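Notes for the one structure printed next.
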Amino acid sequence: MSVTRIDKTSPPSPMMSRCVIKGDTVYVAGLTASDRSADIKGQTQQILDKIDDYLSKAGTDKSKLLQANLWITDMTNFSSMNEVWNAWVDPENPPVRACVRADLAVPELLVEIMVTAHK
């Protein structure tokens, strides 16, 4: 079974793929917001838009999410982040999910999201 890699990065960034497809499983790397000046809602929406894009490129969509891991820098932003998440996620097909507090790569980043989906 072949492996397809979408949007590979190269040095000086860490070498990685933003999305990997193996069989009927799609892995989307931990994504962060491009506009780091946005608040938690704005950053979350940017990330979810990126996830939609990668899932589309992989031939699937959010209704087939299996798992989501979220990292948030300040748990006081948890409910605001969840507002955006809940408006986006398919209510008939929610994935398993974990959300923990963590320091991210740069202080301006407020949230990072990584998902796995089925094709």
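The values are calculated or read from the model by the stated rules, or taken from the named source; none is laboratory data. Everything numeric in this text was worked out from a predicted model, so none of it was measured. FYI the Cβ positions are ideal-geometry reconstructions off the backbone, even for glycines, and counts take in every protein chain you see.
Each residue in region 94-119 was checked for being free of Cβ contacts under 8 Å to residues at least 60 places away in the same chain, of a type in the set (A, V, I, L, M, F, W, C) and outside any loop (DSSP other than H, G, I, E, B), and 4 of them qualify.
Among 52, 74, which is the only one that is surrounded by fewer than 18 Cβ atoms within 10 Å (Cβ to Cβ), of a type in the set (D, E, K, R), at pLDDT 95 or above and within 12 Å of the chain's Cα centre (by Cα)? That would be 52, the only listed residue that is surrounded by fewer than 18 Cβ atoms within 10 Å (Cβ to Cβ), of a type in the set (D, E, K, R), at pLDDT 95 or above and within 12 Å of the chain's Cα centre (by Cα). Just a yes or no: is a residue in region 101-112 in contact with a Gly (Cβ under 6 Å, 6 or more places away or on another chain), buried (at least 16 other Cβ atoms within 10 Å of the Cβ) and farther than 22 Å from residue 2 by Cα? Looking for residues that are in contact with a Gly (Cβ under 6 Å, 6 or more places away or on another chain), buried (at least 16 other Cβ atoms within 10 Å of the Cβ) and farther than 22 Å from residue 2 by Cα, one finds at least one in region 101-112, hence yes. Can you tell me which residues in region 83-119 are polar (S, T, N, Q) and closer than 14 Å to residue 31 by Cα? Within region 83-119, 116 is the sole residue that qualifies.
The residues of region 50-78 that are in a helix (DSSP H, G or I) and in contact with a helix residue (DSSP H, G or I) (Cβ under 6 Å, 6 or more places away or on another chain) amount to a single one, 77.
Each residue in region 55-70 was checked for being within 22 Å of residue 83 (Cβ to Cβ), out of contact with any Phe, Trp or Tyr (no Cβ under 9 Å at 6 or more places or on another chain) and surrounded by 18 or more Cβ atoms within 10 Å (Cβ to Cβ), and 2 of them qualify.
Entry remark, region 81-93: residues being hydrophobic (A, V, I, L, M, F, W, C) and either part of a loop (DSSP other than H, G, I, E, B) or surrounded by fewer than 13 Cβ atoms within 10 Å (Cβ to Cβ) (or both) number 2 in total. The residue of region 9-49 that is surrounded by the most Cβ atoms within 10 Å (Cβ to Cβ), among those that are part of a strand (DSSP E or B) and among the basic types (Lys, Arg), is 18.
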